[in-house]
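This report refers to the structure that appears directly beneath it.
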Amino acid sequence: MSIFYNESTKTFNLTAGSSSYCMSVYPLGYLVTHHYGKKIPDTDFPHYEIYATRTASFNPSRNGGADCFTMDTTPLEYSSFGTGDYRRTAIRIRSSEGNTATDFRYSSHRIYAGKPQIPGLPSTYTNCDNEADTLEITMVDKVTGGELTLVYTVFKDINVITKSAHLKNCGEKTFIIEDICSAVINLSSPDFSMVNLYGKHNNERNFAFNHLSHNRQSIISRRGASGHEQNPFIALVRDGSTEESGDTYGFNFVYSGSYEMGCEVDYFDTTRVTVGFNPEQFEWILAPGEEFFTPETVLVYTDGGLGEMSRIFHRFYSNNLIRGRYKTEKRPLLINSWEAAYFDFDEEKLVSFAKEAKDLGIEMLVMDDGWFGHRDNDWSSLGDWFVYESKINLQSLVKRVHEIGLKFGIWYEPEMISRDSELYRAHPDWCLHVEGREHCECRHQYVLDMSRPEVVDNIFEQMCSVLSTCEIDYLKWDFNRNLTEVGSATLSAERHGELYHRFMLGTYDLMDRITKKYPNILLENCAGGGGRFDPGMLYYSPQIWTSDNTDPIERLAIQFGTSLCYPASSMDAHVSFCPRTGFDVKGDVALWGTFGYELDPTRLTAADKNLIKEQIADYHKYYELIRCGDLYRLISPWDGKRRVAWEIVSPDKKEALVTVVSTRYVTMERFFLRLRGLDPEKMYKNSANGKVNSGAFLMYSGINLTYLPCGDKQSYKVYFEEV
Ligand code: GLA
């Protein structure tokens, strides 16, 4: 068992790989965190005294002041609002009397093998019960009758713990949950910097690194989507750490809607991390007997810096989050029609793409936006998921593409509705709206009210009528605007605070139904590029369109940022016609992700075609290495150098692929690149010059790239193989 409970000290020690999470129950029933970090064996701690203050006036206490315990400085594992802790708390309930004083105390616990799923929500999973153990701690608020269960799943062989909570109303009166966190983590010092991934449409997941100070530093989404602006991920990096060393904690919220994550350093120099819904956009009414489940948070600890933290996330998400046929099966190499034709296509044009693509070695044609309703531009037809017959005959098109020898993919934007659509004309109240208020326009479209079962059913049926009649191999699920005027025609007035979360539950329900009914379809998520690149979406779709920005130099920062948390197999990356670089850089950058094309294949020169054939050969050669290998960020865009470099090493350390891209004009400068992650004892052959050197040499001395990349070639790729 990876979870140990010491009955005499009432202490839990959770061991995940080489990390430990320790907490105990204080005599008054408070749950106190002792340690989260490197593995320790202890189950007896100096307890709460170390957190107690010696002043009575401003530090609320219990026990009649008999000891110095105060809720205000103690690292409470799941702290309640309004009863003595003035920091950001984990839970706030408004009772039927209207007050918000909340007080949950330990009542019992149970430990079992395996991991429970969370009803209605995406979450990580175990492949067998032996992989992880779960601890459930039940806490009770005796005034409201709330029974709260904190769920900890401890993965035995990898430094991962997941946390979530659920709350049942065991009382006699209805209450309102105003705030409920998925996870709280207390660390005993403030000597950390917080890393977060900020950005915007076309420029997602930039790297931000800011030292903590005595305040709250947080990231937030108010968009009803995780958003381009802040990914639901933060890391805490202890002072003095490097990319490959030092205490590093990563937290990722398995949710695709509005959220808030942040760190607060209190006046006693402890750091509290909280992860949960955005409390500005959340409340939930819980009647007697009802239960509410939070999404889960994935926690990673390592003393191996951000590099090792990323590799842990990558392994974990590849094994324990991504599901379905394409978790392991090789994914078809695709060409997408969007940047090739936008809305301007018909059946013949797509067939001509398919023929050219087949000659190049491409395996799937994806028909993007523009095939339904009367969609010739982005002003119409969302919600009308029937074929635009004057453009294409879908059955004939699919048949012809299959006969050419390619698979066939299709685009949907299921949560959206255009004002110019049959669906809107028939059901103008089916979109999120507020009577009497003007709609905000974003890309000329509105958002469907996914809290309504009849809306979800209608879109599901419409999608099925296409997916069940044509042999579709792939589906791109887009989401091209965020939520505004969040009102529902059917939800009662008092329940409107639930609407943001109900929207997500409706979306997840639709994704669940589609993926269950069509398990052979490869689902790809997208939200104007990477506007919902989060683990909630990865649960349904093994890959996500990383960004609408396909310029490979811009993509470097986007992909480096994305790689902090998400594996290469999830980063959809295409070669396009963007003008700034040659095909070599485009190919090398896209190779780090899923790899594919986003261009008109009938416009290629003979030279381009030859290059593409070489790229496709590389794609097949390195497919397993890139999908299963360990990533090392050798030089990151945020290091401010003229080059960036990354390396992927196979798990058995027999192979490695190193890519270097110059981002600015490289003046004459001595440049040795030291590799990482190899076996120092093994001998490796450099595919570029045939030289054989030890892993030790390659890592500690380095390869001389003083003149590389050079000339027209902005990118240099070298493969090492054990000899
Ligand atoms: C979004 C996507 C693009 C494309 C368009 C179609 O912007 O990110 O890849 O699918 O929608 O409208």
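The values are calculated or read from the model by the stated rules, or taken from the named source; none is laboratory data. Bear in mind the structure is a predicted one, so any value in this text is a computation, not a measurement. Positions of Cβ are generated from backbone atoms using ideal geometry, with glycine treated the same way; all protein chains shown enter the neighbour counts.
Taking the conditions exactly as written (within 15 Å of the ligand (Cβ to nearest atom) and under 28 Å from Ile521 (Cβ atoms)), does Gly409 satisfy them or not?
Taking the combined requirement at face value, the residue satisfies it.
Which one is surrounded by the most Cβ atoms within 10 Å (Cβ to Cβ) among residues in region 370-389 that are closer than 18 Å to His427 by Cα and of a type in the set (S, T, N, Q)?
Once the filter is applied, the top-ranked residue is Ser381.
Taking the conditions exactly as written (within 20 Å of Tyr317 (Cα to Cα) and within 16 Å of the ligand (Cβ to nearest atom)), does Asp630 satisfy them or not? Before the answer, list the steps.
Values: within 20 Å of Tyr317 (Cα to Cα): yes; within 16 Å of the ligand (Cβ to nearest atom): no.
It is false that Asp630 is within 20 Å of Tyr317 (Cα to Cα) and within 16 Å of the ligand (Cβ to nearest atom).
With respect to Met450, is the statement that it is within 16 Å of the ligand (Cβ to nearest atom) and buried (at least 24 other Cβ atoms within 10 Å of the Cβ) true? Spell out the reasoning first.
On the way: within 16 Å of the ligand (Cβ to nearest atom): no; buried (at least 24 other Cβ atoms within 10 Å of the Cβ): yes.
For Met450, the condition - within 16 Å of the ligand (Cβ to nearest atom) and buried (at least 24 other Cβ atoms within 10 Å of the Cβ) - is not met.
Tell me, which strands (runs of 3 or more DSSP E) wholly within region 297-370 include 1 or more residues that are away from the ligand (no atom under 16 Å from the Cβ)?
Of the strands (runs of 3 or more DSSP E) lying wholly inside region 297-370, those with at least 1 residues that are away from the ligand (no atom under 16 Å from the Cβ) span 297-302.
How many residues does region 512-538 contain that are under 21 Å from Pro332 (Cα atoms), part of a loop (DSSP other than H, G, I, E, B) and more than 14 Å from the ligand (Cβ to nearest atom)?
Total meeting the criteria: 4.
Of the residues Gly98, Gly82, Gly37, only one is assigned to a strand (DSSP E or B) and modelled with pLDDT of 95 or more; which?
On the way: Gly98 fails: assigned to a strand (DSSP E or B); Gly82 fails: assigned to a strand (DSSP E or B).
Just a single option satisfies the conditions, and that option is Gly37.
Which members of region 680-723 meet the condition of being farther than 27 Å from Phe583 by Cα, part of a strand (DSSP E or B) and charged (D, E, K, R)?
Within region 680-723, just Glu722 meets the criteria.
Test of understanding: among Asp157, Asp133, Asp141, Asp129, which residue is out of contact with any Lys or Arg (no Cβ under 7 Å at 6 or more places or on another chain) and at pLDDT below 95?
Result: Asp129 is the single residue among Asp157, Asp133, Asp141, Asp129 that is out of contact with any Lys or Arg (no Cβ under 7 Å at 6 or more places or on another chain) and at pLDDT below 95.
List every residue pair whose Cβ atoms sit under 6 Å apart, with the two residues 6 or more apart in sequence or on different chains, where the first one lies in region 406-418 and is in a strand (DSSP E or B) and the second, anywhere, is within 11 Å of the ligand (Cβ to nearest atom) and acidic (Asp, Glu).
Sorted first by the residue in region 406-418, then by its partner, the pairs are Trp411/Asp368; Trp411/Asp369.
Take the residues in region 482-511 that are outside any helix (DSSP H, G or I) and polar (S, T, N, Q), then tell me which one is nearest to the ligand (Cβ to nearest atom).
Step by step, filter region 482-511, then rank; the result is Asn482.
Which residue out of Ile180, Ile185 is touching a strand residue (DSSP E or B) at 6+ places or on another chain (Cβ under 9 Å), over 30 Å from Ala287 (Cβ atoms), surrounded by 18 or more Cβ atoms within 10 Å (Cβ to Cβ) and of a type in the set (A, V, I, L, M, F, W, C)?
Values: Ile180 fails: over 30 Å from Ala287 (Cβ atoms).
Criteria check complete, one pass: Ile185.
What tally of residues in region 202-228 results from selecting those that are farther than 15 Å from Gly262 by Cβ and either touching a Cys at 6+ places or on another chain (Cβ under 6 Å) or hydrophobic (A, V, I, L, M, F, W, C) (or both)?
Residues in region 202-228 being farther than 15 Å from Gly262 by Cβ and either touching a Cys at 6+ places or on another chain (Cβ under 6 Å) or hydrophobic (A, V, I, L, M, F, W, C) (or both): 3 in total.
Pick out the one residue from Asp133, Asp179 that is touching a helix residue (DSSP H, G or I) at 6+ places or on another chain (Cβ under 7 Å) and assigned to a strand (DSSP E or B). Step through it out loud before you land on a result.
Values: Asp133 fails: touching a helix residue (DSSP H, G or I) at 6+ places or on another chain (Cβ under 7 Å).
That would be Asp179, the only listed residue that is touching a helix residue (DSSP H, G or I) at 6+ places or on another chain (Cβ under 7 Å) and assigned to a strand (DSSP E or B).
What are the residues in region 341-355 that are under 16 Å from Lys407 (Cβ atoms) and in contact (Cβ under 8 Å) with a residue 60 or more places away in the chain, if any?
Phe353
Collect the residues in region 390-405 that are surrounded by 22 or more Cβ atoms within 10 Å (Cβ to Cβ) and in contact with a Lys or Arg (Cβ under 6 Å, 6 or more places away or on another chain), keeping them in residue-number order.
none
For the structure I just gave you, tell me whether Gly246 is surrounded by fewer than 23 Cβ atoms within 10 Å (Cβ to Cβ) and either at positive phi or in contact with a Cys (Cβ under 8 Å, 6 or more places away or on another chain) (or both). Break it down stepwise before answering.
Numbers: surrounded by fewer than 23 Cβ atoms within 10 Å (Cβ to Cβ): yes; either at positive phi or in contact with a Cys (Cβ under 8 Å, 6 or more places away or on another chain) (or both): yes.
Judged against the criteria, Gly246 is a match.
Take region 643-660 and flag every residue that is crowded, with 22+ Cβ neighbours inside 10 Å and closer than 14 Å to Lys685 by Cβ.
Correct list: Ala656, Leu657, Val658.
Limited to region 130-141, what total is found for residues that are under 17 Å from Asn159 (Cα atoms) and either surrounded by 18 or more Cβ atoms within 10 Å (Cβ to Cβ) or within 25 Å of the chain's Cα centre (by Cα) (or both)?
Going through region 130-141 one residue at a time, the tally reaches 5.
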